[in-house]
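Data first, discussion second: the structure below is written as structure tokens.
The values are calculated or read from the model by the stated rules, or taken from the named source; none is laboratory data. This one's a predicted model, so the numbers in the text were calculated from it and none came from an experiment. All Cβ positions, even for glycine, are placed from backbone atoms using ideal geometry, and neighbour counts span all protein chains on display. Remember, those area values only see protein heavy atoms, side chains included, never the ligands or the DNA or RNA. Shrake-Rupley method; radii C 1.70, N 1.55, O 1.52, S 1.80 Å.
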Amino acid sequence: MRSVKAGERVPNMFIETLKGGLLASVISIALIVLYALALWKEVLPASSMPIANAVIKVISAAAAALLAVRRCAKRRWLYGGIAGLFYTALAFMVFSILSDTFIVSAALLSDFGVGLLAGMLAAMAAQVLSLIHI
């Protein structure tokens, strides 16, 4: 694990988590635009939409975690999970506003679980890879 050296500032993990969630939202929007372009050019069929939505959510939650824990020395899995949850909540709010509906359902709870798990696993993988120095 990385320790804090003299003169080095300890990162504020709340701010790092917020930044990770916001940047992951930008990544999510970019992936949605790319997917829409693939649908428009008929590279992918419209039936791929549920799978693409799930993949975009997992990639974005993992990106939120990786961006949040890049300067973290301890408990990466916890902050990664929190970043994945924050991304999921932010994405839910944005898309609820855009669609003018606010529905809390079992699917939303499932999305929170996926965001938490993807964030935790991505942060754990980052921890393992930083120990191995690949």
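Overview of results
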read-out	value
Table column - 3J(HN,Hα) (Hz), the range 56-66, Karplus curve with 6.51, -1.76, 1.60, x for Gly and Pro	4, 5, 5, 4, 5, 5, 5, 5, 4, 5, 5
Debye, to nearest 20: dipole size of the chain, +1 on Lys, Arg Cβ, -1 on Asp, Glu Cβ	700
Estimated distance in nm for a label pair at A125 and S96, the labels positioned 7 Å out from Cα along Cα-to-Cβ	2.9
The chain - Debye-derived log10 I(q)/I(0), Cα point model, q = 0.10, 0.21 Å⁻¹	-0.37, -1.17
Å² per residue, accessible surface of the chain at 1.4 Å	65
0 to 90° range, to nearest 10: angle between helix 13-40 axis and the chain longest Cα axis	30
Accessible area of the chain belonging to carbon and sulfur atoms, whole % at 1.4 Å probe	75
